[in-house]
Amino acid sequence: MSKRRILIVDDEVEAPRLLKRLLELKRPYEIVLEHDSTRALDVALTFRPEVILLDVIMPDLDGGDVAMQIRRADPVRDTPIIFVSAIAQPIAGYPFLNKPTPVEKIIECIEENLPAV
């Protein structure tokens, strides 16, 4: 079984690193972390994730800005985006998870949004 590709974009370092380890232990995921929102689109274009977990509140570009960039980039425009935030409100039209969320709930949301293979 091939690993499903997940991109996590979050300006925090430790929590996403722990989440990456937990997710990879529980499911066949290949996960790339990006902590700089200004690089998120380039990483998405190179890595070609099947789902993106995207923090909302980040310096430079917030999650909404990053999502707009992704929606305009042809190769990744249809990639499902799941917003994740401790303080922001859900964004219309996107799945949303509050921080912190149990890893089982994150997996459930990822699996619901992964494209069929």
Any chance Val84 is out of contact with any His (no Cβ under 7 Å at 6 or more places or on another chain), among the aliphatic types (A, V, I, L, M) and surrounded by 14 or more Cβ atoms within 10 Å (Cβ to Cβ): yes
Single condition Ile91 does not satisfy, out of (1) surrounded by fewer than 15 Cβ atoms within 10 Å (Cβ to Cβ); (2) hydrophobic (A, V, I, L, M, F, W, C); (3) farther than 21 Å from Arg4 by Cα: (1)
Verdict on Pro75 being in a helix (DSSP H, G or I) and within 16 Å of Val103 (Cα to Cα): no
Meets criteria (of a type in the set (Val, Ile, Thr), farther than 19 Å from Pro100 by Cα and either free of Cβ contacts under 8 Å to residues at least 60 places away in the same chain or out of contact with any helix residue (DSSP H, G or I) (no Cβ under 7 Å at 6 or more places or on another chain) (or both)) for Ile70: yes
Residue selected from segment 1-35 under the condition within 16 Å of Ser85 (Cα to Cα) and among the acidic types (Asp, Glu), by the criterion surrounded by the most Cβ atoms within 10 Å (Cβ to Cβ): Asp10
Index of the failed condition, Thr79 passing every other in (1) within 16 Å of His35 (Cβ to Cβ); (2) buried (at least 18 other Cβ atoms within 10 Å of the Cβ); (3) not aliphatic (A, V, I, L, M): (1)
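Each value in this text was obtained by applying a stated rule to the coordinates, not by laboratory testing. Just so it is clear, the structure is predicted and the values come from calculations on it, not from any experiment. Here Cβ is always computed from backbone atoms with ideal geometry, including for glycine, and neighbour counts include all displayed protein chains.
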